Amino acid sequence: MSQLLRPRRLKWPKQHIRFEYPVDNRTHVLQFGTWGIKCIGSYHANDNIIRLRDSTIDAVQKVIQRTIKQRNPDKKEIKVYRRFFPDRPCTKLGAEQRMGRGKGNVDHYEAAIRKGQVIFEFSATPEVLQNALFKVIRAMLPFNVKMVKRPEPNFMEVEMDTSHLERKPDLPLEDESEEPKQIPS
């Protein structure tokens, strides 16, 4: 078995393939970077969960690093965030094995990716590098992807409520010449 991305320890080393994780809505929005790449679906119509092998993930990460190194005009550091991890073991029996003899050994690990999930996020990068990275990643992944960007706030259009900043007139002080009111008993 290769020494690619894989979990250190699993409670059940040989899981069932169709085990589904609960839906996590935080994976559908950008969390760390300014732009990212989002999965918009499989080439097959009925796939709700797409399985991505650890070897494919490793190859994509190497190509991302190489592209950043070659095409980064500013030579500034660009952070890459991978938003998934291959934690599903896939077993395989040896070639020409007869049926029976239990479940096979773990062959590789896969990541479960849902439609709409953000896969990679990047820190601020030039537009030329964004397009180059998107083309390279789109060509390597076995499903459809799109580029998503964090919306920039436009402070000029938003009117601020400044009523709390205005100074309120001071209340008149009570005249000290007046005698204090006595409470009838």
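Bear in mind that the values in this text are calculations on the coordinates, not laboratory data. As the structure is a computational prediction, the values presented were derived from the model and not from experiment. FYI the Cβ positions are ideal-geometry reconstructions off the backbone, even for glycines, and counts take in every protein chain you see.
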For the pair Asp87 and Arg9, the simple spin-label estimate (label points 7 Å beyond Cα toward Cβ) gives in nm 1.5
Mean Cβ-within-10 Å packing, highest first, puts peptides 106-118, 55-67, 88-100 in the order 106-118, 55-67, 88-100
Over 22 Å (Cα to Cα) among Lys38/Lys149; Lys79/Lys149; Lys11/Lys115; Lys69/Lys135; Lys38/Lys75; Lys14/Lys62 -> Lys11/Lys115; Lys38/Lys75; Lys14/Lys62
In this structure, the FRET efficiency calculated for His28 and Arg138 from their beta-carbon separation, with R0 = 25 Å, to the nearest 0.05, is 0.85
Note: Asn48 to Gln97 extended length (0.36 nm per residue) minus current alpha-carbon separation gives 14.5 nm
With label points set 7 Å from each Cα along the Cα-to-Cβ direction at Arg66 and Glu152, the distance between them in nm comes to 3.3
